[in-house]
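Read the structure below first, then the notes.
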Amino acid sequence: MKYSKPATQAGVAKHLLKRFCAGNTANVHAHKRCFATEARIDPLQSSSPSYRIVVIGGGTAGLSTSHQLLRTGQFAKHDIAIIDPSTTHDYQPGWTLVGGGLKKKEELRARLDGLVDPKIKLHQEAVASINPEQNTVNLSSGRKVQYDQLVVAPGISINYDHIAGLPEALADPDSMVSTIYGYDTCDKVFKTISKLRKGSALFTQPAGPIKCAGAPQKAMWLAQHHWSKAGLAGPGSSSDIDVTYATGLPAMFGVPKYSERLEALRQERGVNGLFQHDLSAVEGNKAIFNLPDGKKATKEFDLLHVVPKMGPHAFIAQGPLADKAGFVDVDQHSLQHTKYPNVWSLGDASSLPTSKTAAAVTSQAPVLISNMLASMEGKTPQASYDGYTSCPLTTEYGKVMLAEFKYGGQPKETFAKWFGIDQGIPRRAFYHLKKDFFPWIYYKAMVKGQWAGPNGYIR
Ligand code: UQ1
């Protein structure tokens, strides 16, 4: 054997580390040097850890998938590993409710390590790159992790700086610029809404992929209702607050059925619509938009709710697993990578051509798992994802339009199937599903791998 046993190497490494650090710990710089030393000798310390399944991402997709896999009973302790540098996990669908003053962001947050079953190894590190030829994930610490099967689910990156002036405007506590799309800013949204008594309120949605494409207008509808209850906004030119929805898209929603209903609501409630307006810069109280003909448009605002641009994480986009747009290139039905059969993807990082939501993950995870297990046994993957996704759209306080659809923009409504009701009509029961039931079932069952959305409990 070329190298001595890893256990011995680890022992030597620890000994060296102890000796080097001894007596220096009172000094911060010496302490830092200590970590540098640790990183340097680490490659000697152990060969790369190896797992049957490595899951990149401890978000909705990563946690659901890992725990559903574990619950099959086919995996022993530390057969499965999750890699995620984040110490916290947020129920992000709840951030729209924070924006409406209905929930506190703290109640939607959990410690990530507390959500991961002890039988799953959690590596709290960032990924630098993936080498699917060698079945390795390279961590930013320089360490490598080996896998038999890889699930890529790190989510989507929020690129605040892709809109000029946005990071500064968001960070300024006195500005009237906010977004529900981040933990730090989601509670600024309701503060700005409560403060505004008069003027122009502008809500934007970018062109290009974002998570939960309905959320930008959820924020707008709740704000509009808040002002209309106070007699400040509504149809007609006499109202104190003028509400504008400016979207990079050509319509209110991607699915014709719901788009028509939302367009009717927009007109009924006197909300101005600016379509194919893609916010490119925030300069003081001016919002600057790119238009399809290459021209610019400028609009002044007194309150601005922005949805930042989003895109694939760089380690995916610049690596061998990406499609042209930078997302993990998987078959849209099997969720298996188009080139590397032991690589799989779901959730926001995947190329799946559907709306990126937690509800979509409820349908994607069981398909991915069934196909991965079949593939591990040398069988052909049989399970097929139909593109199911959902958008519980708060159209006012107390009412939600429960849009549910699949590939091709075809409605696939759970309650229409069972009770024959039209989910395009906003209802109070759906509001309680969104506000009370989904956040509860999420932490109670979904992240634990026990909830498959409209398909109910798993075992
Ligand atoms: C769902 O399961 C879920 O996760 C817990 C959501 O939260 C984000 C949802 O928004 C939706 C729509 C589902 C799907 C479940 C049903 C019963 C329609």
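Descriptive notes on the structure:
- Pairs of Lys residues in the range 352-459 are counted when their Cα atoms are under 25 angstrom apart and they lie 8 or more places apart or on different chains; the count is 25.
- Backbone phi angles across the range 286-300, fed through the Karplus curve with coefficients 6.51, -1.76 and 1.60 (θ = phi - 60°), yield HN-Hα couplings of 10, 9, 10, 10, 8, 10, x, 7, x, 7, 10, 10, 10, 9, 7 Hz in residue order; Gly and Pro are listed as x.
- When exposed loop sites are taken as GluC sites (Glu not before Pro) in a DSSP loop with at most 16 other Cβ atoms within 10 Å, the longest stretch of the chain clear of them is 134-376.
- Solvent-accessible area, 1.4 Å probe, carbon plus sulfur percent, for the range 344-459: 57
- Net charge dipole, the chain: roughly 1180 debye, given to the nearest 20, about the Cα centre with Cβ charges of +1 for Lys and Arg and -1 for Asp and Glu.
- Percent antiparallel among DSSP beta bridges (both partners in the range 152-273, rounded to 5): 0
- Within the range 117-158, trypsin sites (Lys or Arg not before Pro) in DSSP loop having at most 16 other beta-carbon neighbours inside 10 Å: 119
- By the combined test of axial Cα extent (at least 20 Å) and Kyte-Doolittle hydropathy (mean at least 1.0), the qualifying DSSP H helices of the chain come to 358-376.
- The trypsin sites (Lys or Arg not before Pro) found in the range 367-416 that occupy coil by DSSP, while having at most 14 further C-beta atoms within 10 Å, are 379.
- Per DSSP, loop trypsin sites (Lys or Arg not before Pro) in the range 302-376 with at most 11 further Cβ within 10 Å: 324, 339
- Each residue of the range 332-346 is assigned a 3J(HN,Hα), and the resulting list reads 6, 9, 8, 6, 8, 4, 6, 10, 10, x, 9, 10, 9, 8, 8 Hz, derived from the Karplus form 6.51 cos²θ - 1.76 cosθ + 1.60 (θ = phi - 60°), x at Gly and Pro.
- Solvent-accessible area per residue in the range 98-255 equals 40 Å², computed with a 1.4 angstrom probe and all protein chains kept.
- The range 124-217, accessible surface, carbon-and-sulfur percent (1.4 angstrom probe): 50
The values are calculated or read from the model by the stated rules, or taken from the named source; none is laboratory data. Since we're looking at a predicted model, the values are computed, not measured. All Cβ positions, even for glycine, are placed from backbone atoms using ideal geometry, and neighbour counts span all protein chains on display. Accessible surface areas use protein heavy atoms only, side chains included; no ligands, DNA or RNA. Shrake-Rupley method; radii C 1.70, N 1.55, O 1.52, S 1.80 Å.
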